[in-house]
Amino acid sequence: MAARSRGAALGLCATVFLLDVAFCKGFVEDLDESIGSPVKVGKMDATSYSSIASEFGVRGYPTIKLLKGDLAYNYRGPRTKDDIIEFAHRVSGALIRPLPSQQMFEHVQKRHRVFFVYIGGESPLKEKYIDAASELIVYTYFFSASEEVVPEYVTLKEMPAVLVFKDETYFVYDEYEDGDLSSWINRERFQNYLTMDGFLLYELGDTGKLVAIAVVDEKNTSIEHTRLKSVIQEVARDYRDQFHRDFQFGHMDGNEYINTLLMDELKVPTVVVLNTSNQQYFLLDRQIKNAEDMVQFINNILDGTVNAQGGDSIVQRLKRIVFDAKSTIVSIFKSSPLMGCFLFGLPLGVISIMCYGIYTADTDGGYIEERYEVSKSETESPEPVEESKEQQEPRSGDPLVPAVQEPKDVLEKKKD
């Protein structure tokens, strides 16, 4: 993606944030020795120059950007020297490269596995093509040519047209079936069959395509492993006109990464279909013996016969958090048991001691308070009890008080 920046003041250069110094030196030497590249390479510590890093939208390290005019292009490809050099050459050159002859066209076909060509004169489609190229030049090459330069096997129903050449064939952009031109280019910038890894699956998430993957062990040369891989290759090759708009095909060595996506243990070899845009997946509902079985499985996915599993619902997100935490703990203990015991045992021990201290402090406080109340009641209660007894029982020597006073007339008669 390109972003406006102060690159015009800096000229044509590539700015590398927090990249290894030795790597930068090798990168610069290879650029200078290759074809006299005009790209200038520099390195900057974004932690020391946080204002510049904020201006360029740096959110992670290392970040690689190429400044061209007033645009800043982010590099999102594999972190290898050859891929970065290819990125620098592609972005620093012309946005739309002309193909003036058939010889040049054939040369481009041999050099690039995937490239796009605009055929025709000035038109609204060409303006859309230029806009798409300015956004997606970081991923692929864009060319323009006349109808006479295009190989004879290419058939065009109307002009102008945009084509993608890949997998020894070509596909023509159809505005009514393919929608927005930039979205179509983003979907078609990959070969139809790929060797999958985590980074590539992440990139395929922007295409909206389903990804059919044969999960195999490449070190295992048994018939079952090689057969599933061959079946996926055959479907990608022979049914590409039918499925290339909706499906991407490939194989992956090992099931570790797939297991983390599915939060389950897949047996190898097998076939799984991923929807990387919403984390849904489809597992086999049949035994895949040949390409026809795989085609039927794909058709069942498209018509909804096979139920999707996973997804990005709240429940699945909570399960993902628990699974990631569990996987992290297990990996720590597997790689370094002592370190795992220290990291998790020490905090648990401290928390246990704190809880025990709080509990015992509350128990002792309650016992002391209870003892205090009992002793207080013992010292205060005898006095009123004694007073009540003194009121009820007369003391020795005191005259007895009559309980009932006699009437006055009776007393007078007694007196007489």
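The values are calculated or read from the model by the stated rules, or taken from the named source; none is laboratory data. Predicted model only: the values in this text are computed from it and were never measured. Here the Cβ positions follow ideal geometry from the backbone for every residue, glycine too, while neighbour counts run over all protein chains shown. With ligands, DNA and RNA removed, areas are computed over all heavy atoms of the protein, side chains included. Shrake-Rupley method; radii C 1.70, N 1.55, O 1.52, S 1.80 Å.
Look at (1) open to solvent by 60 Å² or more (accessible area, probe 1.4 Å); (2) out of contact with any His (no Cβ under 9 Å at 6 or more places or on another chain) and you find that Gln233 fails only one, number (2).
Of the residues making up segment 280-289, those that are open to solvent by less than 60 Å² (accessible area, probe 1.4 Å) and in a loop (DSSP other than H, G, I, E, B) are Leu284, Ile288.
Filter segment 176-206 down to residues that are aromatic (Phe, Trp, Tyr) and assigned to a helix (DSSP H, G or I) and give me whichever is most open to solvent (accessible area, probe 1.4 Å).
Step one: list which residues in segment 176-206 are aromatic (Phe, Trp, Tyr), which gives 176, 184, 190, 193, 199, 202.
Restricting the remaining residues to those that are assigned to a helix (DSSP H, G or I) gives 176, 184, 199, 202.
Numbers: Tyr176: 209, Trp184: 3, Phe199: 83, Tyr202: 148 Å².
The residue in question is Tyr176.
Among the residues examined, Leu136 does not qualify as within 30 Å of Val306 (Cα to Cα) and of a type outside the set (Phe, Trp, Tyr). With respect to Val58, determine if the residue is modelled with pLDDT of 55 or more, outside the structural domain of Phe115 (by the TED database) and crowded, with 19+ Cβ neighbours inside 10 Å. Here the answer is yes, as Val58 does meet what is asked.
Residue count for segment 78-107, restricted to those that are outside any loop (DSSP other than H, G, I, E, B) and within 16 Å of Val39 (Cβ to Cβ): 12.
Of everything listed in (1) open to solvent by 60 Å² or more (accessible area, probe 1.4 Å); (2) at pLDDT below 90; (3) in a helix (DSSP H, G or I), the single unmet condition for Glu292 is (2). The residues listed here are Glu203, Glu175; of these, the one that is over 19 Å from Ser134 (Cα atoms) and acidic (Asp, Glu) is Glu175.
On the basis of being free of Cβ contacts under 8 Å to residues at least 60 places away in the same chain and either open to solvent by less than 70 Å² (accessible area, probe 1.4 Å) or not in a helix (DSSP H, G or I) (or both), does Gln242 make the cut? The answer is no for Gln242. Restricting attention to segment 146-167, the residues that are open to solvent by 100 Å² or more (accessible area, probe 1.4 Å) and in contact with a helix residue (DSSP H, G or I) (Cβ under 9 Å, 6 or more places away or on another chain) total 1.
Within segment 245-279, the set of residues being closer than 24 Å to Ser183 by Cα and open to solvent by 60 Å² or more (accessible area, probe 1.4 Å) comprises Arg245, Asp246, Ser277, Gln279. Evaluation of Tyr173 against the conditions (1) under 30 Å from Glu152 (Cβ atoms); (2) open to solvent by 50 Å² or more (accessible area, probe 1.4 Å); (3) at pLDDT 90 or above shows that the sole unmet condition is (2). Among all positions in segment 215-227, there is at least one residue which is assigned to a helix (DSSP H, G or I), in contact with a Pro (Cβ under 6 Å, 6 or more places away or on another chain) and touching a residue at least 40 places away in the same chain (Cβ under 8 Å).
For segment 200-244, enumerate the residues that are farther than 19 Å from Ser182 by Cα, of a type in the set (Asp, Glu) and within 29 Å of the chain's Cα centre (by Cα). Once the filter is applied, which keeps residues that are farther than 19 Å from Ser182 by Cα, of a type in the set (Asp, Glu) and within 29 Å of the chain's Cα centre (by Cα), segment 200-244 yields Asp217, Glu218. So which residues in segment 267-302 are among the aromatic types (Phe, Trp, Tyr) and within 12 Å of Ile213 (Cβ to Cβ)? Hits for segment 267-302 are Tyr281, Phe282.
The listed residues are Ala8, Ala2, Ala72, Ala53, and the only one of them that is open to solvent by 50 Å² or more (accessible area, probe 1.4 Å), at pLDDT below 85 and not polar (S, T, N, Q) turns out to be Ala8. Criterion applied to Ile84, Ile130, Ile137, Ile119 was being surrounded by 19 or more Cβ atoms within 10 Å (Cβ to Cβ) and more than 21 Å from Gln191 (Cβ to Cβ), and the one residue passing it is Ile119.
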